[in-house]
Structure formats: structure tokens, C-alpha cells
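Everything below concerns the one structure shown next.
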Amino acid sequence: SQNIYILAIESSCDDTAAAILKNDTLLSNIVATQEVHQKFGGVVPELASRAHQQNIVPVIHQAIAEANIDKKDISAIAFTKGPGLMGSLLVGTSFAKSLALGLNIPLIEVNHMQAHILAHFIKEQNYKIPEFPFLALTISGGHTQIVRVDSHFEMKVIGQTIDDAVGEAYDKSAKIMGLPYPGGPLIDKYAQLGDPKAYKFTKPKVGGLDFSFSGLKTAILYFIQKQVKENPNFIEENRNDICASIQYTIVNILMDKLKKAVKETGINQIAIGGGVSANSGIRKALNEAEGKYGWKTYVPKFEYTTDNAAMIGIVGYYKYLAKDFTDLSVTAQPRYKI
Ligand code: KG4
Ligand code: ZN
């Protein structure tokens with residue numbers, strides 16, 4: 001049968017990304033990360049859309065060049081319709097529509113959160129693909145969800161954050177400590193050098209499979225303010241221990257809810273996705289859960305954790321097979337449910 005080539009575009013937040021897939025195999029995966037937000041301690045939407053506008057053409061050119069294919073070979077364009085920042089999504093959406101129109105090929109809309117989950121289906125050597133049904137823990141700067149996944153397209157959110165996302169908890173804690181944005185990876189780095197039980201932060205009390213992280217952030221803020229009042233060098237002197245304690249608390253919160261979800265659903269296959277799935281603490285805890293609780297766990301390749309277009313492309317591939325195309329009247333959707 002004929003090969004399917006998908007050009008995928010992702011622009012939901014602050015990364016401009018393009019990828020080419022040949023069926024379920026990745027040929028190229030380009031990400032332009034926007035540095036402009038660093039000095040603001042968070043993503044500035046207006047600046048993000050401007051940077052997407054500048055990056056999108058070179059990023060797509062590079063993706064096509066590295067895939068070593070001809071534009072004429074592309075079977076369809078897949079793009080992120082949402083969820084995300086409106087101004088950011090509009091750049092990718094408009095570009096994808098124009099390209100599909102210009103090349104006269106089908107257009108495929110993709111839900112970013114579904115893509116974080118289906119990233120596990122990109123073909124890799126020596127890589128196990130989750131079996132249905134499984135539970136997906138999607139953890140990023142914008143989302144924290146537990147999703148029951150029954151097929152490539154049948155997904156149901158069974159738990160989610162009622163306030164901040166886990167990535168936000170990481171980034172805001174990092175900001176309190178004076179670390180640059182995004183602080184998640186830095187907390188992770190220092191955490192590995194510290195004592196996780198040095199300081200104790202209480203876990204939030206939220207019902208069911210839902211999460212809450214805003215109380216934890218406030219607790220960390222008050223704790224650090226109080227310590228700094230007594231010792232102005234508190235943060236510098238105890239950075240590793242503070243980070244390790246924060247990480248320990250967050251990983252415990254995530255694992256507690258996963259255990260509850262496994263108990264409630266009877267499903268013990270767990271896949272993680274989203275930027276925070278790069279975290280060494282959660283990776284280690286999941287790995288241990290295989291032996292401890294008999295779970296089967298799936299951790300994505302590092303390049304598929306933070307925002308990328310490869311994951312948009314794999315959804316595009318499955319939708320192409322299902323002939324699930326979008327017409328050119330489609331618009332971006334900042335709040336787009338799974
Ligand atoms: O999926 P993503 O790239 O963008 C969103 O859709 O939000 O996730 C970005 C988030 C940021 O909050 C970043 O701090 C966090 O993922 N992150 C991490 C790590 N790597 C990225 N958080 C904790 N530990 C990490 N190693
Ligand atoms: Zn994401």
C-alpha cells in the first residue's frame with residue numbers, strides 16, 4: 001500500500017514546531033523554543049504569537065528539508081486546533097489552512113492533549129506501545145489530567161486539576177526561589193542532589209481523582225518567606241534540599257491519585273505524557289511501581305515530552321487512516337476538550 005506522509009504543525013503555547021511522519025515513523029522533528037519569555041518569568045501571549053509568526057516558515061522548511069522529501073509527497077497537513085493560547089493557535093491554524101489549500105491536500109485538526117497521549121504510538125526501535133485500555137497521566141504547564149484511553153480516539157478525562165497545573169506548581173515554586181522560567185527542569189536537577197525529607201509540605205485534600213496545586217504553591221511561598229526572614233541566605237544554602245522536598249511532595253501527590261485511579265478502574269497500565277513527564281522523580285516512581293504494584297508503565301522518549309509536532313503528526317496519521325478530515329472553515333479553539 002501507499003505510504004502516508006503527514007506534515008504536522010504545533011503552535012499552542014511558546015514552542016513553534018513542525019514534523020514529518022512517514023506512516024507512524026518520524027522523519028523529522030523541529031522545535032523552535034522562544035527565549036523571549038524567560039525574563040518575564042512566564043509565557044507572554046502577545047510575544048508568543050509574534051515569535052510564532054517569525055519562526056513558522058523556517059521551522060517548516062527545516063522539517064521538510066531534514067525529512068528529505070518533496071513537498072509534493074505530503075499527503076495531509078495536521079495542526080493543533082487547541083487547547084492553548086488563542087494568538088499562538090491562530091498562527092499555526094491559519095498557516096496549516098493556507099498550506100492545505102495551496103497544496104490541495106486534506107487538513108486534519110488535532111487536540112493537543114490527545115497528542116500528548118498518542119505520542120506513545122510513534123514507532124521506535126525497542127519501544128513498547130501501550131495496550132488498550134490504559135490510563136494516561138498528562139502533566140504539563142497547562143494541564144494535569146488522568147485520562148482513561150480505550151482506543152486511539154475514545155478518551156475520557158476521569159480526574160483533573162481544579163486550579164493550577166503541576167507544571168505551574170513547578171514553575172511558580174522555581175520563581176519563588178529566584179530560578180529562571182521554566183523552572184521545572186531546574187527544580188528537577190537540584191532535587192536529585194538534595195534530601196527529599198528535609199522539609200515537609202502538606203498534601204492538598206481534594207476529592208476523587210482531581211488535583212489541586214495552588215495551596216501547595218502558597219505553602220511553599222510562606223515557608224520560604226519565613227525562612228528567609230531568619231536567614232537571608234536560606235535559599236542558596238539549602239537549594240537542593242528545598243527542591244528535593246518540593247519534588248518529593250509533588251511526585252507523591254501524582255502517585256497517590258494514580259493508585260486511586262488504578263483501584264477504581266481496574267486498569268494498571270499507565271502512560272505519562274506532557275512536559276512534566278520528563279521529570280526524573282515521576283519516572284523513577286513509575287518505574288518502581290512496576291515491581292511494587294505490578295503496573296505496566298510507559299514513559300515517553302524525552303523529545304516527545306515537552307511540546308513537539310511529532311505527537312501532532314501521529315494523531316494526524318491515525319485520523320488520516322480514519323479519513324477524519326477538517327474543512328477550511330475550521331478555527332482555533334483555546335478551550336478544546338479531549
Ligand atoms: O508540555 P509542555 O512543554 O507545555 C505545555 O503544554 O504546558 O510542558 C511544559 C512544562 C513546564 O511547566 C516545565 O517547567 C515542565 O513542563 N517541565 C518539567 C520538567 N521538564 C519540563 N517539570 C518538572 N521536571 C522536569 N524535568
Ligand atoms: Zn503540551
Consider Ala32 against the criteria (1) within 16 Å of ligand 2 (Cβ to nearest atom); (2) touching a residue at least 40 places away in the same chain (Cβ under 8 Å): it satisfies all of them except one. Which criterion is unmet? (2)
Scan the range 302-316 and give yes if some residue there is within 14 Å of ligand 1 (Cβ to nearest atom) and surrounded by fewer than 20 Cβ atoms within 10 Å (Cβ to Cβ), otherwise no. yes
Any chance the range 200-217 includes a residue that's in a strand (DSSP E or B) and within 16 Å of ligand 1 (Cβ to nearest atom)? yes
Spot the failing condition for Gly142; the list is (1) within 16 Å of ligand 1 (Cβ to nearest atom); (2) at pLDDT below 95; (3) surrounded by fewer than 18 Cβ atoms within 10 Å (Cβ to Cβ), and only one is missed. (3)
Residue under evaluation Leu179, criteria (1) under 19 Å from the mean Cα position of the chain (by Cα); (2) surrounded by 15 or more Cβ atoms within 10 Å (Cβ to Cβ), criterion not met: (1)
Pair list, Cβ under 6 Å, 6 or more apart: the range 242-254 residue assigned to a helix (DSSP H, G or I), other residue surrounded by fewer than 23 Cβ atoms within 10 Å (Cβ to Cβ) and among the aliphatic types (A, V, I, L, M): Ser245/Ala198; Val251/Ala285
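The values are calculated or read from the model by the stated rules, or taken from the named source; none is laboratory data. Quick caveat, the model's predicted, so the values are computed rather than measured. Counting neighbours? That spans all protein chains shown, and the Cβs are built from the backbone with ideal geometry, glycine included.
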